[in-house]
Amino acid sequence: MIDRCGKLKRTQNYADGHGLFGGNPCAKVDGAFRAKSFEEIDAWKEAREIVRQIYEVAKRGPFAKDFEFKDQVCRAAVSIMSIIAEESQTAGTFIRHLGIAKGSAGELRSQLYVALDQSYITKLEFDSLCDQSRKIASEIARFKTYLETKSATGH
């Protein structure tokens, strides 16, 4: 997972097969859970989906006309998936950046309250997007804990 120089090995196991992300955390290759690219990480996949949904609701009605707020909400959502996808990081830097990605999920959730309060989104959309944001934050937290454990043990 982490080489002797502290670099995250992108072709090594991201999970140990025990359901790190509440199921298959990554693609299954040769009987082991491995992610050869960020596109195989479940937290990134979930973040991509929430970005799609955020952009969809942000195109409608008064939400679309509140340019600064719309931009802020979209940036928060995009930052979650972008941070997970960053390459060429040391393990320590990647772990810190996962904390930032988790923070972006919280920021997004806070902004969803504003969107709901301004009637930019429905209560149903709010509930669904908040649930997804919480799920992403939880997946990131488990992934971060896993990497911290692997880093501490040198595996």
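Each value in this text was obtained by applying a stated rule to the coordinates, not by laboratory testing. Everything numeric in this text was worked out from a predicted model, so none of it was measured.
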Expected vector for the stretch 128-136, Karplus 3J(HN,Hα) from phi with 6.51, -1.76, 1.60 and θ = phi - 60°, integer Hz, x for Gly and Pro, equals 5, 5, 5, 4, 5, 4, 5, 4, 4
Give or take rounding to whole Å, what are the principal axis extents of the alpha carbon atoms in the stretch 58-155, in descending order? 52, 23, 14
Per residue of the stretch 110-123, what does 6.51 cos²θ - 1.76 cosθ + 1.60 with θ = phi - 60° give for ³J(HN,Hα)? Whole Hz please, x for Gly and Pro, Karplus curve as stated. 4, 5, 5, 4, 4, 4, 5, 4, 8, 6, 7, 10, 7, 4
